[in-house]
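The values are calculated or read from the model by the stated rules, or taken from the named source; none is laboratory data. What you see is a predicted model; the values in this text were computed from it and never measured. No Cβ is skipped: glycine too gets one built from the backbone with ideal geometry, and neighbour counts run over all protein chains shown.
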Amino acid sequence: MKRTPESLAAAYVWWQTPEESLRDPAPVLRQILKMGTPPDYEAACQFWGEDAFKRALVAAQPGAIDERSWLFWHRCYGFDPEPLPRRTFL
């Protein structure tokens, strides 16, 4: 299967069109960090670069990435593991 930015956006951010997702690919990248396959990660790195993944990770909003993925990617990128962003309710 040929991976394109559009096919990755459609697969990982299914609730909106690929065109909408590609205007700001950070949510696509976070979804790949959370549940992506190694071939999808490699393809996305070719399109957007590893630095885009790093920026998407550190800018993640609460609930965007699960704790396991958060810790894994922080270690993988050599970041100090910061606390997982949590939602707060007033």
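Annotations
- Within this structure, Gln16 passes the test of being surrounded by fewer than 18 Cβ atoms within 10 Å (Cβ to Cβ), of a type outside the set (Gly, Ala, Ser) and free of Cβ contacts under 8 Å to residues at least 24 places away in the same chain.
- Condition met for Lys54 (in contact with an Asp or Glu (Cβ under 8 Å, 6 or more places away or on another chain) and not hydrophobic (A, V, I, L, M, F, W, C)): no
- Enumeration of residues in the stretch 12-51 that are more than 21 Å from Trp70 (Cβ to Cβ) and outside any loop (DSSP other than H, G, I, E, B): Pro18, Glu19, Glu20, Ser21, Leu22, Arg23, Pro39, Ala43, Gln46, Phe47
- Contacts under 7 angstrom Cβ, first residue in the stretch 39-68 being more than 16 Å from Asp80 (Cα to Cα) and modelled with pLDDT under 95, partner among the charged types (D, E, K, R) and not in a helix (DSSP H, G or I), 6 or more apart: Pro62/Arg86; Pro62/Arg87; Gly63/Arg87
- Qualifying residue in the stretch 66-82 (condition: closer than 21 Å to Gln16 by Cα and surrounded by 14 or more Cβ atoms within 10 Å (Cβ to Cβ)): no
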